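*Asks:* The structure under discussion is supplied below as structure tokens; questions concerning it will follow.
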Amino acid sequence: MLFDMDGTLVDSERLWDVALAELAETYGGRLSAEARRAIVGTGMADSMRILHDDLGQPHRDPVASAEWINRRILELFRTGLQWRPGALALLAAVRAAQVPTALVTSSGRALVEIALDTLGRDSFDVVVCGDEVEATKPHPEPYLTAARLLGVPIDRCVAIEDSATGVASAVAAGAAVLAVPAEVPIAPRDGVHQVESLLAADLELLAALLAARTAA
């Protein structure tokens with residue numbers, strides 16, 4: 001099992017809303033709804049590029065902006081991180097079934113370490129962070145890396161994602177994909193099963209997704 005983090009397991013996108021809006025205000029602007037939607041699921045470098053372009057300030061230093069966001073989001077994660085509906089129960093069921101499990105996120109290691117205080121450090125056999133791979137989502141590398149570290153063929157893995165960017169990464173890697181849109185709708189596509197929330201997901205559904213792939 002390959003779990004995305006932000007918006008999939010934890011309701012962190014609202015915290016990113018706060019940090020991104022505050023940074024835009026610091027720069028004398030306001031982040032548009034379109035730009036915020038485009039940021040969902042992207043790595044930090046792309047997120048800062050989108051924010052700067054949206055504000056009409058492409059000259060801004062993306063490294064400095066990323067450092068500001070990281071400092072603020074670390075503060076917010078320490079006090080406001082909550083589970084997405086159904087996520088805790090599904091993760092517990094997967095672990096109880098002794099299924100090899102990875103966390104695959106575009107967030108950096110420092111942020112993930114704080115999130116693991118909520119998610120549980122024993123909840124994952126492998127953790128792949130956005131600053132630990134050469135290419136972030138939508139590139140397939142994060143999911144391919146997780147499968148390799150787990151020692152499981154990627155075509156025997158189910159990836160759970162909440163964003164189009166993450167879905168694209170998992171599909172390109174070759175995993176079966178369960179999409180759980182949170183902030184932004186995800187267009188239907190072949191090989192991707194969608195549910196409204198993880199309250200509708202269980203071990204039987206995950207097994208069925210792999211079985212359907214084998215049958216195909």
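The values are calculated or read from the model by the stated rules, or taken from the named source; none is laboratory data. Keep in mind the model is a prediction, meaning the values are calculated, not measured. Neighbour counts run over all protein chains shown; Cβ positions are idealised from the backbone, glycine included. Areas reflect the complete protein model, heavy atoms only, side chains present, ligands, DNA and RNA absent. Shrake-Rupley method; radii C 1.70, N 1.55, O 1.52, S 1.80 Å.
*Asks:* Quick check on my filter: what residues within segment 174-216 are farther than 17 Å from E161 by Cβ and assigned to a helix (DSSP H, G or I)? First the steps, then the outcome.
*Replies:* Of the residues in segment 174-216, the ones farther than 17 Å from E161 by Cβ are 202-204, 207-208, 211-212, 214-216.
Answer for segment 174-216, where residues must be farther than 17 Å from E161 by Cβ and assigned to a helix (DSSP H, G or I): L203, E204, A207, A208, A211, A212, T214, A215.
*Asks:* Look through segment 107-143, keep the residues that are among the β-branched types (V, I, T) and assigned to a loop (DSSP other than H, G, I, E, B), and return whichever of them is most open to solvent (accessible area, probe 1.4 Å).
*Replies:* Narrowing segment 107-143 to residues among the β-branched types (V, I, T): 112, 114, 118, 126-128, 133, 136.
Those still in the list that are assigned to a loop (DSSP other than H, G, I, E, B) too: 133, 136.
Values: V133: 22, T136: 41 Å².
The residue in question is T136.
For every residue, the table says whether it meets (1) among the hydrophobic types (A, V, I, L, M, F, W, C); (2) within 16 Å of K137 (Cβ to Cβ).
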residue: D11; (1), (2): no, no
residue: L23; (1), (2): yes, no
residue: V40; (1), (2): yes, yes
residue: D53; (1), (2): no, no
residue: V63; (1), (2): yes, no
residue: L90; (1), (2): yes, no
residue: Q98; (1), (2): no, no
residue: S107; (1), (2): no, yes
residue: L116; (1), (2): yes, no
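*Asks:* Give the residue that is farthest from R30 (Cα to Cα), with candidates limited to residues of segment 64-77 that are buried (at least 17 other Cβ atoms within 10 Å of the Cβ) and among the small types (G, A, S).
*Replies:* Per the criteria, the residue is A66.
*Asks:* Would you check which residues across segment 179-213 are open to solvent by 50 Å² or more (accessible area, probe 1.4 Å) and under 16 Å from the mean Cα position of the chain (by Cα) and list them?
*Replies:* Passing the criteria: E183, P185, Q194.
*Asks:* If I filter segment 86-95 for residues that are of a type in the set (K, R), surrounded by 13 or more Cβ atoms within 10 Å (Cβ to Cβ) and not in a loop (DSSP other than H, G, I, E, B), do I get at least one hit? Even if it seems obvious, please write down each step before you answer.
*Replies:* Just the residues of segment 86-95 that are of a type in the set (K, R), to begin with: 95.
Subsequent filtering for residues that are surrounded by 13 or more Cβ atoms within 10 Å (Cβ to Cβ) retains 95.
Retained after the next criterion (residues that are not in a loop (DSSP other than H, G, I, E, B)): 95.
Yes, there is a match, as at least one residue in segment 86-95 is of a type in the set (K, R), surrounded by 13 or more Cβ atoms within 10 Å (Cβ to Cβ) and not in a loop (DSSP other than H, G, I, E, B).
*Asks:* Now for a separate question. Give me the residue from segment 144-158 that is in contact (Cβ under 8 Å) with a residue 60 or more places away in the chain and not in a helix (DSSP H, G or I) and, out of that set, nearest to F3 (Cα to Cα).
*Replies:* Taking the candidates together, the pick is V158.
*Asks:* Considering only segment 157-169, I want to know if a residue exists there that is touching a His at 6+ places or on another chain (Cβ under 9 Å) and of a type in the set (S, T, N, Q).
*Replies:* Looking through segment 157-169, at least one residue is touching a His at 6+ places or on another chain (Cβ under 9 Å) and of a type in the set (S, T, N, Q).
*Asks:* Counting just the residues of segment 43-52 that are of a type outside the set (K, R) and either outside any loop (DSSP other than H, G, I, E, B) or open to solvent by 30 Å² or more (accessible area, probe 1.4 Å) (or both), which one comes out farthest from G108 (Cα to Cα)?
*Replies:* Within segment 43-52, the match that is farthest from G108 (Cα to Cα) is H52.
The rows are residues; the columns are (1) exposed (fewer than 15 other Cβ atoms within 10 Å of the Cβ); (2) closer than 27 Å to V180 by Cα.
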residue	(1), (2)
W16	no, yes
R36	no, yes
L55	no, no
P62	no, no
T79	yes, yes
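*Asks:* For segment 30-49, give me the residue count where each residue is closer than 22 Å to E132 by Cβ and touching a helix residue (DSSP H, G or I) at 6+ places or on another chain (Cβ under 7 Å). Reasoning before the result, please.
*Replies:* Pass one, segment 30-49, residues closer than 22 Å to E132 by Cβ: 39-49.
Then keep just the ones that are touching a helix residue (DSSP H, G or I) at 6+ places or on another chain (Cβ under 7 Å); that gives 39-45, 47-49.
Residues meeting the conditions: 10.
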